[in-house]
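None of the figures in this text is laboratory data; all of them are computed from the coordinates on show. The structure displayed is predicted, hence computed values, not measured ones. Quick reminder, even Gly has a Cβ in these numbers, built from the backbone with ideal geometry, and neighbours come from all protein chains shown.
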Amino acid sequence: TVRSVAGMTTSAQIEPFRIDIPQHDLDDLAARLAATRWPDEVTGAGTDYGMPLGTTRRLAEHWRTGYDWRAHEARLNEFPQFRTIIDGQAIHFLHVRSAEPGALPLLLLHGWPGSVLEFAGLIGPLTDPRAYGADPAQAFDVVVPSLPGYGFSGPTAEPGWDSSRMARAFGMLMAQLGYQRWGAVGGDTGALVGRELGILAPAGLIGVHL
């Protein structure tokens, strides 16, 4: 089924999602990094002409041999993940419900060039404060979307996904999840989207923290 709100449409279908990058894609990335043809560098230029070559090479080598993608993949797969279609765009999100009764739903909006991984360390304390020595009355359900064009909410299907359009989409997402009273938190680019949420004031939004 399809819903329409404020000129936007959303599929009522929410599908479970799990990250499982094929090994040949990871091997291809490593091979591309190993085959990089590095440019020459102006001696003593420092950062006057951009990132120093040595720094770039160290970063590339870290990605090639030091970064454990499977460990990070497993970390994200610890959280329930889903995808849905809103305004023609695939939206990926984490959705972790608290076991505490009356937990307030909270939309967490990441920044640039970040991802939902920014909030991985917060999800436990927010959804289960009792386990962290905090007041269980301060528990939250958390919804952590990948902004359109980022991570598994990409690529964008068309231009025009500015902060206001993202805000409208996330207001629809919270409605699609059945939340009637919820808050939002955003930092960096997420703060721009959060500001637009405050301006648009979709049904159920009780406050925004930027």
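A few points about this structure:
- With θ taken as phi - 60° and the Karplus curve 6.51 cos²θ - 1.76 cosθ + 1.60 applied, the whole-hertz 3J(HN,Hα) list for segment 52-65 is x, 4, x, 5, 4, 5, 5, 5, 4, 5, 4, 4, 6, 10 Hz, x standing for glycine and proline.
- 15 Å beta-carbon shell around L200, net charge (K/R +1, D/E -1): 0
- Close amide H pairs (under 5 Å, H built 1.01 Å from N) link T156 with G149, residues at least 5 positions away or on another chain.
- Shape descriptor for segment 120-197: Rg over Rh equals 1.03 (Cα atoms; Rh from the Kirkwood inverse mean 1/r).
- P(r), alpha carbons of segment 33-74 - 10 Å bins starting at zero, rounded %: 25, 42, 25, 9, 0
- A cut-off under 14 angstrom between Cβ atoms defines the neighbours of E100, and their net charge, with Lys, Arg +1 and Asp, Glu -1, is -1.
- Dimensionless Rg over Rh [segment 167-210; C-alpha; Kirkwood]: 0.93
- Centroid-to-centroid separation of segment 112-137 and segment 173-191 [C-alpha atoms, Å]: 15
- Counted over the chain, the DSSP beta bridges are approximately 60% antiparallel.
- Ranked by how many other beta carbons lie within 10 Å on average, peptides 112-123, 174-185, 50-61 from highest: 174-185, 112-123, 50-61
- Note on segment 68-210: Kirkwood radius taken over Cα pairs, Stokes-Einstein applied at 10 °C and 1.306 mPa s, translational D equal to 104 µm² s⁻¹.
- Value in Å of the Kirkwood radius, where segment 1-154 supplies the Cα pairs that are averaged: 18.7
- The residues neighbouring L109, those whose beta-carbon lies less than 15 Å from its own, together hold a net charge of -1 under the Lys/Arg +1, Asp/Glu -1 convention.
- Size-normalised alpha-carbon gyration radius of segment 70-109, reference 2.2 N^0.38 Å: 1.44
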